[in-house]
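The values are calculated or read from the model by the stated rules, or taken from the named source; none is laboratory data. Owing to the predicted nature of the structure, the values given are computational and were not obtained by experimental measurement. Cβ coordinates were reconstructed from backbone atoms using ideal geometry, including for glycine residues, and neighbour counts include every protein chain displayed. Ligands, DNA and RNA are stripped out before the accessible areas are found, and what is left, the full protein with its side chains, is counted by its heavy atoms. Shrake-Rupley method; radii C 1.70, N 1.55, O 1.52, S 1.80 Å.
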Amino acid sequence: MSELDFPVLAASAATQAFGFLYGQLGALLQRRRDRRAGVAVPAEEVPVAGTGIVASSVDRFRPDDTILERRGQELELLAEALEEYVGATELDGQDVRLRRNLGRVRRALEEIYGLEFAISDNDSSESGIRIRQKVTNAHDEVTGIDVESAGASARAEVNQDIDTAHKGSKIVGARIKRLG
């Protein structure tokens, strides 16, 4: 799916999806500014803003700071392009420019977090977190999801493609301490 395939959403769903994606974009840009200023930032410091539009079974995302830095200028431009929508009480889910830019933000976030977001305004849709990991050589532990707790209705799909798992390596799809 390309960024131009961002779904047409009902106004309330488009507004919620915008809030989630723009919020994550802002958090990542702040993280980038902090790192550039020499402020130490923890490995998993980007909290998930809850919304039913973008289901998530994790409460914090782990950004890849190398990818964040590489895509930083693009993220700044996207934030600027989306500023006109900030504060709107309801967004038009058919607005092509909005959908195109949200799709670009979504793809950038997915790359930075190593996750795939399912975005939909249909409660019966297959929403949730999809994680795709591609690892050439696993030497230590590779974990798809590691969370303290997840709701009983949380959906997660982990797809791990490991070329070589070396002796002593540990491959974990999901580690959930408390479910329900």
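Could you order LYS167, LYS134, LYS177 by accessible surface area, starting with the largest, using a probe radius of 1.4 Å?
LYS167, LYS134, LYS177
Suppose accessible area is computed on protein heavy atoms with a 1.4 Å probe; arrange ARG62, ARG71, ARG100 from highest to lowest.
Output order, biggest surface exposure first: ARG62, ARG100, ARG71.
Once ligands and nucleic acids are excluded and a 1.4 Å probe is used, how much of HIS166 is accessible, expressed in Å² to the nearest 10?
Around 70 Å² of this residue is reachable by solvent.
With a point put 7 Å past each Cα toward its Cβ, work out how far VAL172 is from ARG62 in nm, to one decimal.
0.9 nm
Could you compute the FRET efficiency for ALA88 and VAL142, with r as their C-beta to C-beta distance and R0 at 35 Å, rounded to 0.05?
Plugging the Cβ-Cβ distance into 1/(1 + (r/R0)^6) gives 0.30.
Per residue and in Å³, how big is the convex hull formed by the alpha-carbon atoms of the range 73-121?
Roughly 87 Å³ of hull volume per residue.
Amide H neighbours of GLU116 under 5 Å, at least 5 residues apart or on other chains, H built in the peptide plane: list them.
Amide H to amide H, under 5 Å and 5 or more residues apart or across chains, GLU116 pairs with ARG130, ILE131, ARG132.
Length gain on complete extension for the stretch ARG33 to GLN73, per 0.36 nm per residue less the alpha carbon to alpha carbon distance?
My answer for the length gained is 13.3 nm.
What order do ARG32, ARG104, ARG132 take when sorted by accessible area (1.4 Å probe), most exposed first?
ARG132, ARG104, ARG32
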